[in-house]
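Participant: Sharing a structure below in structure tokens format, with a few things to ask.
The values are calculated or read from the model by the stated rules, or taken from the named source; none is laboratory data. As the structure is a computational prediction, the values presented were derived from the model and not from experiment. Ideal geometry is used to build each Cβ from the backbone, glycine not excepted, and the neighbour counts take in all protein chains shown. We work out accessible area using only protein heavy atoms, side chains counted, and drop any ligands, DNA or RNA first. Shrake-Rupley method; radii C 1.70, N 1.55, O 1.52, S 1.80 Å.
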Amino acid sequence: MRLRVRFVKLGKVRWTSHRDVARMWERAFRRVRLPVAYTGGFSPRPKVSFGLALPTGCESLAEYLDVELASDLDGPVEALVPRLSAALPTGVDATAVGALEAGAGSLQELVTSCTWTVELPGAGSGDAGRLVREVLDAGALVVTRERKGRPVTDDLRPAVVSLTVAGTTPAGAVLEAELETQPRGVRPGELLAALEPSIELGLVRRTHQWIERDGARWEPLPPQATDAPHAEARAS
Amino acid sequence: MVAVSEPFTLARQRPESRRPSTTLLRKLMTSLWPRIEPLLAQVQKPARYIGCEDGAQVPAHAPGKVAWLLVYPDAYEVGLPNQGLQILYEILNERGDALAERSYAPWVDMERLMRHRGIPLFSVDAHRPASDFDVLGFGISAELVYTNVLNCIDLAGVPVRAAERGPEHPLVVAGGHCAFNPEPLADFVDAFVIGDGEEVVGDMTEVIRGWKASGRTAGSREAVLRELAQVTGVYVPSLYDVEYDGPFLRAVVPRYADVPEVVEKRTIADLADWPYPKRQLVPLTEVVHDRLNVEIFRGCTRGCRFCQAGMITRPVRERPADQVRTMVTDGLRRTGYDEVSLTSLSSADFSGIDGVVAGIINEPANCGQVSLSLPSLRVDAFTVGIATEIQKVRRTGLTFAPEAGTWRLRQVINKLIREEDLYGAVESAYSQGWRRVKLYFMTGLPTETDEDTLGIARLARRCVEIGRRHTRGASVTASVGGFVPKPHTPFQWFGQNGVPELLRKVNLLRNDLRRERAVQLRWHDPKATLAEGIASRGDRRIGAVIEEVWRRGGTFQEWTEHFDLSLWEDAMASRGLSVEWYVTRHRRDDEVLPWDHVRAGLHRDFLWQDWQDALREHGIPDCRWTPCYDCGVCTGYGIEHVVASPTPPAGGSQGTGQDLSRGDAVPVALLPVGGRA
Ligand code: SF4
């Protein structure tokens, strides 16, 4: 049996890494005595797979993991949500759990884009609007990065599905961006830095991950009762 | 001339207005988090600074509570697992009149930003500035962190020199094994804790509570320190004058009649009374020893003559096996760890260890596969048997510590492992599926000849041959560390090997093993060994050296990428101090040693006799299971070993199977007690 879990990462814990989060989950599964399946061989590992890595320092309302169980659960899967949250550190909470159908693809393969919000400290809505227009008007946004010791260039512009000014807070304007994850996950910081290398970003938060196929679009798990931000986002 | 960087200072009130103003108070009560968080995107490993561990506490501060900031003066990932600090953290927070938060040395990138923005040292629990605390309590387990201690004091906004502090500054306290020679840090630390901290922090809290209640008036600092000096196990260096006779010490004498001439260590009689940590901290990010740690006994009487930890923590106090089991089961359930380490100086010596291990491995309440680790000094088939029981799956590497390459030299250091014991252990390890054996050695030991040094290569080679009979890929790693003589050990009089001599020995080994693919040789940097030697047996004059190394930017000296011997050598030279005199010189028997006024309970005569026995290549067995040598600890403090079994596990008091149980036949002649000590 495989389960998919949606969880949030908010507050101070956002400064932990993707690998740190993986370890938190392994400990939480043992604390709630979830019968997780292990790999065989020399050094057995729990069969847990995470979706696209969240950059250290970002918050998220939409993290996912798939976990394979060695035996079926006794009760309903939803009952796991509060139990897992209680076993996780402050700031990391499970918000939805669902059983996966046999043969369901991995998160890495399935997810096609993510929605992010980005705070621009000190920026007014005018500055933010200008930035948005510059990105959207750019024919190409080319970045060079190092891969296996060699420089590779990428055009990030095609990965931008949408970019808008979502509003302003006392700290500054907030952008909302939907960015594609195939062939590689483009991060909002990297996109804006391609335009303005010295740009200073405030809080960056992943709000959704999307699966799009044949014109239809859905999230890796439907919103659930325990999942307030997602229920709201869907309703709006 | 050395360019001295401007020490960091916080905005402080003027001397004439000693009482903090209300606006200042309000500022101090605020969490620094909003100012810290913007820095985190710019530093490596930001999770070092967030706290939030499972088990972390955010205690309420109050005028009636003594606030301790417990500081581990090294990087978070090294300091977090420190059990001593975690134990005191819980004990203090359980008290109605105290509270404790934690801090670790900020890494160099973070420190630079903090100094730039005027952010002081802060707690990771509530991100309070150090100035919110009454005590800065350092846990010090290695000499090379001394410059970090100064750096943390300075970052806290406190003058590094104790003499320059006023009533507005917290008290600076230090404990841990290094406190057994407090003199190198005597100028910077207000009070040292010698020995076990469990009880003494309570006694200190009561004294400091009075100081806090009195409003810390002018001159009160001297009074509270004088009062602390009355607490058994507390040493206040500013209350002692040091008299010199040329380069030699003549005496360290108390300045007042009520200050003890000799400070005796504190020892808790029964570990069963202290089942701490009850809520071991579970970090959110990677740290060393990231697992459940349960201390199964404290103290060790194997009598390895190089080992300071063994000498200063006598006698042996075992935790009852039932309590061990409960702490393991509850701890695993609470933390979610799948690995537990049963810690002590030599865990295979615990009475009935095989039963305890089997109990943990087979306990149905422990969820899933639990792996267990057991630091052990024994080198025998018994230990391998336990290891096999423990590691059913991952049999990658097993570690033994013969420490010296020949039986002759092992008798000198009192590590009574015969060659056949080692080969027997290695044979059973490889035959039971282990593929790699790690061997720990020291070089630069007393009486060591080149034959002894090369004995390391010979042993390693022989182990590979044994391994090849079982697995083609058998390999051996031999780690060689330079020996640093430590205070309160029989080797405290020995002149350490200098850098060229250690390098020569390492090169002997490298040449000898050049063609041996299956033996990997690792060695510790002899330069770091030298710097450690300066601090290890230094006296009060070394304080100025530590200060200069720190002022020239020499922090994180434990880290290869930051260690710089030239800083130490320059500082020694600029103070007119001789490295040779402090490090490589043999001490005379009538010499006053800088730590003679601090006592670990061991008679100086016992140590001297043991040193003479070492030179005569005589080993002595473990006093846990054989007659007492009257080293002074049990007799002097009226305490005794707490062990559940009158016989050593698997026979043989050194765990080697040989009969060394006739302690009275061992050549120990005790000199009269109470001579010059
Ligand atoms: S006093 Fe005797 S029994 Fe106690 S530690 Fe010393 S030698 Fe061993």
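Participant: Considering only region B:529-544, state which residues are part of a helix (DSSP H, G or I) and either free of Cβ contacts under 8 Å to residues at least 40 places away in the same chain or open to solvent by 10 Å² or more (accessible area, probe 1.4 Å) (or both). Walk me through how you get there before you give the answer.
Facilitator: Residues of region B:529-544 that are part of a helix (DSSP H, G or I), as a first pass: B:529-536, B:542-544.
Those that are part of a helix (DSSP H, G or I) and either free of Cβ contacts under 8 Å to residues at least 40 places away in the same chain or open to solvent by 10 Å² or more (accessible area, probe 1.4 Å) (or both): B:LEU530, B:GLU532, B:ALA544.
Participant: Same structure again: What's the number of the condition B:TRP625 fails, among (1) within 16 Å of the ligand (Cβ to nearest atom); (2) touching a Pro at 6+ places or on another chain (Cβ under 9 Å); (3) in contact (Cβ under 8 Å) with a residue 60 or more places away in the chain?
Facilitator: (3)
Participant: Could you identify the single residue in A:THR90, A:THR39 that is within 14 Å of another protein chain (Cβ to nearest Cβ) and closer than 21 Å to A:THR226 by Cα?
Facilitator: Being within 14 Å of another protein chain (Cβ to nearest Cβ) and closer than 21 Å to A:THR226 by Cα holds for just one of A:THR90, A:THR39, which is A:THR90.
Participant: In this structure, is B:ARG302 part of a loop (DSSP other than H, G, I, E, B), in contact (Cβ under 8 Å) with a residue 40 or more places away in the chain, within 16 Å of the ligand (Cβ to nearest atom) and within 30 Å of B:LYS486 (Cβ to Cβ)?
Facilitator: Details: part of a loop (DSSP other than H, G, I, E, B): yes; in contact (Cβ under 8 Å) with a residue 40 or more places away in the chain: yes; within 16 Å of the ligand (Cβ to nearest atom): yes; within 30 Å of B:LYS486 (Cβ to Cβ): yes.
Criteria met by B:ARG302.
Participant: Could you tell me whether A:GLU200 is open to solvent by 70 Å² or more (accessible area, probe 1.4 Å) and part of a loop (DSSP other than H, G, I, E, B)?
Facilitator: It is true that A:GLU200 is open to solvent by 70 Å² or more (accessible area, probe 1.4 Å) and part of a loop (DSSP other than H, G, I, E, B).
Participant: Right, another one. Could you pull out the residue among B:ALA229, B:ALA213, B:ALA191 that is aliphatic (A, V, I, L, M) and open to solvent by 20 Å² or more (accessible area, probe 1.4 Å)?
Facilitator: Numbers: B:ALA229 fails: open to solvent by 20 Å² or more (accessible area, probe 1.4 Å); B:ALA191 fails: open to solvent by 20 Å² or more (accessible area, probe 1.4 Å).
Selected residue: B:ALA213, the only one of B:ALA229, B:ALA213, B:ALA191 that is aliphatic (A, V, I, L, M) and open to solvent by 20 Å² or more (accessible area, probe 1.4 Å).
Participant: Moving to a separate point now. Tell me, please, whether a residue that is acidic (Asp, Glu) and either assigned by TED's automatic domain parsing to the domain that holds B:ALA179 or within 30 Å of B:SER578 (Cβ to Cβ) (or both) can be found in region B:249-259.
Facilitator: Yes, because at least one residue in region B:249-259 is acidic (Asp, Glu) and either assigned by TED's automatic domain parsing to the domain that holds B:ALA179 or within 30 Å of B:SER578 (Cβ to Cβ) (or both).
Participant: Residues of region B:264-286 being more than 20 Å from B:ALA179 (Cβ to Cβ), more than 16 Å from the ligand (Cβ to nearest atom), open to solvent by 20 Å² or more (accessible area, probe 1.4 Å) and in a loop (DSSP other than H, G, I, E, B), which ones?
Facilitator: Of everything in region B:264-286, those that are more than 20 Å from B:ALA179 (Cβ to Cβ), more than 16 Å from the ligand (Cβ to nearest atom), open to solvent by 20 Å² or more (accessible area, probe 1.4 Å) and in a loop (DSSP other than H, G, I, E, B) turn out to be B:PRO275, B:LYS278, B:ARG279, B:THR285, B:GLU286.
Participant: Residues of region B:40-59 being more than 30 Å from B:ALA179 (Cα to Cα) and away from chain A (no Cβ under 11 Å), which ones?
Facilitator: Hits for region B:40-59: nothing passes.
Participant: Hey, another quick one. Hey, could you check region B:599-615 for residues that are more than 11 Å from the ligand (Cβ to nearest atom) and closer than 13 Å to B:ILE413 by Cβ and say which is most open to solvent (accessible area, probe 1.4 Å)?
Facilitator: Going through the qualifying residues, I end up with B:LEU615.
Participant: I would also like to ask the following. For region B:501-528, which positions are in a helix (DSSP H, G or I) and among the aliphatic types (A, V, I, L, M)?
Facilitator: B:LEU502, B:LEU503, B:VAL506, B:LEU508, B:LEU509, B:ALA528, listed by residue number.
Participant: So B:VAL259 clears everything in (1) β-branched (Val, Ile, Thr); (2) touching a residue at least 40 places away in the same chain (Cβ under 8 Å); (3) not in a helix (DSSP H, G or I) except one condition, right? Which one?
Facilitator: With (1) β-branched (Val, Ile, Thr); (2) touching a residue at least 40 places away in the same chain (Cβ under 8 Å); (3) not in a helix (DSSP H, G or I) applied to B:VAL259, the lone miss is (2).
Participant: Report the residue count in region A:9-21 for those that are open to solvent by 10 Å² or more (accessible area, probe 1.4 Å) and either away from chain B (no Cβ under 11 Å) or of a type in the set (Ser, Thr, Tyr) (or both).
Facilitator: Result for region A:9-21: 3.
Participant: Looking only at helices (runs of 4 or more DSSP H) that lie completely in region B:327-430, which have at least 2 residues being at pLDDT 80 or above, closer than 29 Å to B:ASP450 by Cβ and of a type in the set (Lys, Arg)?
Facilitator: B:407-412
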